[in-house]
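Just below is one structure, and these are the notes that go with it.
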Amino acid sequence: MGLTIHFHLSLHPQAPDMDDLRARWAVEEARRLAVRMKRRGAFEEVGPLRWDALARSRSLEWIIFPVPGERNTSTGAEVPAERGHVFRVGVGRDCEPLWIGLCQYPASVRVRGRELRVQKGAAWRLSGFSKTQYASLHGWEHFRRCHVAIVDFLAALRPLGFDVKISDEGHYWPRRSERALRAEVDKMNRLVAAAAGAMKDAEEEGGVQAAIFAHPQFERLEAEGADMLAKRKSNPAFSCQLTAMKSDLTKRRYRAQKRSACAMCKPHQRGWEDKKTTGDLRVAVKHEQEIRDALL
C-alpha cells in the first residue's frame with residue numbers, strides 16, 4: 001500500500017566491448033539531466049555515480065522458485081549485478097529517493113546446489129521504485145512536486161537512449177492528470193489512516209507506528225476512510241470482488257524480501273514479509289514457472 005511509482009530502465013546490448021562504455025555514458029547523461037532538474041527546484045539532491053555496497057544492494061534483482069517439500073509455497077533468491085553505474089536522487093522530504101542507473105546481471109545463479117537461469121536477457125537494466133505518498137504529509141504542493149518530478153525525469157530518459165517503462169499507482173502517468181493524482185492520494189491517505197487507526201485502537205498505546213499519524217489532518221482522514229470502508233463492505237459488488245480473489249492463487253505463499261515500507265510503516269523501513277497483493281502473486285507465479293523451465 002502507498003502510492004508508488006515503479007520503473008524499469010534498460011539499454012539493449014550492441015558490441016560487447018562497447019557495452020560498458022555506452023552504459024556509463026547513458027547514466028552520466030541521466031545524471032546531468034537530474035542535476036539540471038535540481039537547479040530548477042525539482043529535486044533536492046543528486047549524488048555521484050557509484051558502485052559501492054549500498055548501490056549494489058539497490059540494484060538486486062529477485063527470482064522465485066518453489067520450496068522443496070512445501071506445497072503451494074515458493075521462495076526467492078537475490079540476483080546481484082556483476083557491474084553497474086548507479087546514482088541516487090533525493091526527491092523531497094518523506095519521498096523515497098530514486099536509484100537510477102544501469103547494471104549487468106549474470107546469466108544464471110546457484111541456489112541450493114542448483115543453477116538457475118536468469119531469463120531477462122543480456123540488456124543492461126535496472127528496476128526500481130519510489131513511494132511518494134508520504135510526501136503528502138507536507139501538503140499537496142510538496143507531494144505534487146515530488147511525484148510529477150519523478151515521472152517527468154523518467155520520461156525524459158527516453159531521448160537519451162533508455163527504454164523506459166513506468167507504472168504509476170497515482171494515475172498521473174501517462175495522461176499527466178494532476179486531478180487524477182490528487183484524487184488518488186486523497187483516497188489512499190483516507191484508507192491508510194483508517195487502517196492505521198483501527199490497528200492502533202486494537203493494540204496497546206505505542207504499539208503501532210505509522211507515518212500517516214504525522215499527517216496534520218489525520219483524524220479527518222481516519223473518519224472519512226472508515227466511512228469509505230464501511231460503504232465498500234456493504235456493497236454487494238465489493239463482496240463479489242473479494243470472493244473472486246479467493247482463488248488457488250491467493251492460497252500460495254511467497255517468501256520474499258520487502259524492499260520498501262508498507263503503508264503501516266515508516267518510509268525506508270525494511271524487513272521480511274510474505275507478498276500479499278494479487279499483482280505480486282501474478283508476477284511471482286509467472287516467475288516461478290519460468291524458473292521451473294530454467295532448472296538445468
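The values are calculated or read from the model by the stated rules, or taken from the named source; none is laboratory data. In this text the structure is predicted, and so the values were computed from the model without any measurement. Neighbour counts run over all protein chains shown; Cβ positions are idealised from the backbone, glycine included.
Restricting to the range 1-20, count the residues that are at pLDDT 90 or above and either of a type in the set (S, T, N, Q) or farther than 21 Å from Ser167 by Cα (or both).
2
Report, by residue number, each residue of the range 120-163 that is closer than 22 Å to Trp62 by Cα, within 17 Å of the chain's Cα centre (by Cα) and of a type in the set (Phe, Trp, Tyr).
Phe129
Give the range 62-96 a look and list any residue that's within 18 Å of the chain's Cα centre (by Cα), surrounded by fewer than 20 Cβ atoms within 10 Å (Cβ to Cβ) and in a loop (DSSP other than H, G, I, E, B), or say none.
Selection gives Pro80, Arg93.
Might you let me know whether the range 38-60 holds any residue that is touching a helix residue (DSSP H, G or I) at 6+ places or on another chain (Cβ under 6 Å), in a helix (DSSP H, G or I) and among the charged types (D, E, K, R)?
Filtering the range 38-60 for residues touching a helix residue (DSSP H, G or I) at 6+ places or on another chain (Cβ under 6 Å) gives 42-43, 46.
Now narrow it down to the ones that are in a helix (DSSP H, G or I): none.
No, there is no match, as no residue in the range 38-60 is touching a helix residue (DSSP H, G or I) at 6+ places or on another chain (Cβ under 6 Å), in a helix (DSSP H, G or I) and among the charged types (D, E, K, R).
Do we find a residue being surrounded by fewer than 15 Cβ atoms within 10 Å (Cβ to Cβ), among the β-branched types (Val, Ile, Thr) and at pLDDT 95 or above anywhere in the range 40-51?
No, there is no match, as no residue in the range 40-51 is surrounded by fewer than 15 Cβ atoms within 10 Å (Cβ to Cβ), among the β-branched types (Val, Ile, Thr) and at pLDDT 95 or above.
Condition first: in a loop (DSSP other than H, G, I, E, B) and in contact (Cβ under 8 Å) with a residue 40 or more places away in the chain. Now tell me which residues in the range 113-144 satisfy that.
Answer for the range 113-144, where residues must be in a loop (DSSP other than H, G, I, E, B) and in contact (Cβ under 8 Å) with a residue 40 or more places away in the chain: Val118, Gln119, Lys120, Ala122, Ala123, Thr132.
Somewhere in the range 108-125, is a residue of a type outside the set (Asp, Glu), closer than 30 Å to Ala42 by Cα, at pLDDT 90 or above and out of contact with any Lys or Arg (no Cβ under 7 Å at 6 or more places or on another chain)?
yes
Looking at the structure I just gave you, is Val192 surrounded by 13 or more Cβ atoms within 10 Å (Cβ to Cβ), part of a loop (DSSP other than H, G, I, E, B) and at pLDDT below 95? Before the answer, list the steps.
Details: surrounded by 13 or more Cβ atoms within 10 Å (Cβ to Cβ): yes; part of a loop (DSSP other than H, G, I, E, B): no; at pLDDT below 95: yes.
Here the answer is no, as Val192 does not meet what is asked.
Examine the range 159-180 for a residue that is among the polar types (S, T, N, Q) and touching a helix residue (DSSP H, G or I) at 6+ places or on another chain (Cβ under 6 Å), and state whether such a residue exists.
Within the range 159-180, none of the residues are among the polar types (S, T, N, Q) and touching a helix residue (DSSP H, G or I) at 6+ places or on another chain (Cβ under 6 Å).
Restricting attention to the range 102-115, does a residue exist that is farther than 30 Å from Arg144 by Cα and of a type in the set (Asp, Glu)?
Scanning the range 102-115, I find at least one residue that is farther than 30 Å from Arg144 by Cα and of a type in the set (Asp, Glu), so the answer is yes.
Can you tell me which condition Leu154 does not meet? The list is (1) touching a helix residue (DSSP H, G or I) at 6+ places or on another chain (Cβ under 9 Å); (2) within 22 Å of Gly90 (Cβ to Cβ), and all the others hold.
Status for Leu154: all satisfied but (1).
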